[in-house]
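Single-structure report; data block below.
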Amino acid sequence: MTSHLYAISVDAREPLRLARFWAELLGREVVDDPHEGVALRPDGDAGLRIRFLPTGTPKTVQNRIHFDLTSASPQAQRDTVDRALTLGGRHIDIGQGPDDDQVVLADPEGNEFCVIGAGNTFLAGCGPVGAVNCDGTRAAGLFWTEALGWPLVWDHGEETAIQSPRGGAKVTWSGPPLMPSGGRDRVHLDLVADGDRDAEIDRLLALGATRAGTGRHTVGDVVLADPDGTEFCLLTPR
């Protein structure tokens, strides 16, 4: 028994506005999410569903999860950056070096993301969203490969990555040192159990998850945390 990754969810002060930013940036369609908020329709069978859920809490610290966007060419990278800035994004400094080939930006609500330079072989073939980049240790990567049943496609030192057997974006963990927790994570993974949900909760706890609460956005959702303390939700059946 496993869970499947239902969505990457983003807390937003203005969910529709933020969804429209990302829809224009990624070339996707905005759709109503039947369980609150709005979402971007996945781009293909292996595409990620991205949800934007309402919150009244302002963003105060750097997110521990962000998107890495791919570039087919240097001009494509420049075009993506220009489009993001036109749509309301902005350049930010999170400590990147002058020689980095990635451009670090923030969306209109301050959520960080990277536009990766052309020629990145690690993200080749992953699609426009090349990676869901997580702040986390190897223990988190090993937990998630078991939780989702996705193979480990990178395991070097403390850096790990998993990917669906169908392809699409990789989920990566960059290793320590970890950023300090700033409270509830604004960007998080949402899972749905493929069978009995109570049994799946027990399985995730046995793998190293811990209970972190209930009802983050919808009554009945169970909030858990991975071995690094990063929250994720096991949703009610979809």
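Here the simple spin-label model places points 7 Å from the Cα toward Cβ, and for Arg83 and Ala46 these points are separated by 2.0 nm. Taking the average, over residues, of other Cβ atoms within 10 Å as the packing measure, peptides 21-27, 72-78 rank 21-27, 72-78 from highest down. Derived from the Cα gyration tensor, the three semi-axes of the equivalent ellipsoid of region 19-64 are 21, 13, 10 Å, largest first.
Of all the options Pro15, Pro54, Pro177, the one that moves most in a Gaussian network model of the chain with Cα springs shorter than 10 angstrom is Pro177.
With helices as the sole contributors, the chain gives -6500 deg cm²/dmol at 222 nm; each DSSP H run of n ≥ 4 counts as -39500 (n - 2.57), and the sum is divided by every residue. Once C-alpha pairs closer than 8 Å and six or more residues apart are averaged by separation and normalised to the residue number of the chain, the relative contact order reads 21 percent. The separation of region 17-86 from region 191-233, counted between C-alpha centres, amounts to 24 Å. With Rg and Dmax of the Cα atoms in Å defined as stated, name the option among (i) 21.2, 79; (ii) 16.9, 50; (iii) 17.0, 47 computed from the structure displayed. It is the one labelled (ii).
In region 1-97, one over the average inverse separation of all distinct C-alpha pairs is 15.0 Å, which is the Kirkwood hydrodynamic radius. Scoring 85-94, 201-210 by mean Cβ neighbours within 10 Å over their residues and listing the highest first yields 201-210, 85-94. By its C-alpha gyration tensor, with a ≥ b ≥ c as the square roots of the eigenvalues, how is region 164-238 shaped: rounded for a/c under 1.5, else prolate for a/b larger than b/c, else oblate? It is oblate, given that a/c is not under 1.5 and a/b is not larger than b/c. Applying 1/(1 + (r/R0)^6) with r as the Cβ-Cβ distance of Ala72 and His4 and R0 = 35 angstrom yields a FRET efficiency of 0.75. Kindly identify region 16-156 as rounded, prolate or oblate by the Cα gyration tensor criterion: order the square roots of the eigenvalues as a ≥ b ≥ c, call it rounded if a/c is under 1.5, otherwise compare a/b with b/c, prolate if a/b is larger, else oblate. Because its axes are fairly even, with a/c under 1.5, region 16-156 counts as rounded. Near Arg17, once Lys and Arg are set to +1 and Asp and Glu to -1 for all other residues with Cβ below 13 Å from its Cβ, the sum equals -2.
Dimensions of region 105-180 along the principal axes, based on C-alpha atoms and rounded to the nearest Å, stand at 34, 32, 21, largest first. Assign unit charges at the C-beta atoms only (+1 for Lys and Arg, -1 for Asp and Glu), then state the dipole size of the chain relative to its Cα centre in Debye, rounded to the nearest 20. That gives a dipole near 400 debye. Taking all Cα pairs closer than 8 Å and separated by 6 or more residues, the relative contact order of region 26-143 comes to 26 percent.
Throughout, read-outs are computed from the coordinates displayed, never taken from laboratory work. On a predicted model such as this, the values are computed, not experimentally measured, just so you know. Don't worry about glycine lacking a Cβ; one is built from the backbone with ideal geometry, like all the others, and counts go over all protein chains shown.
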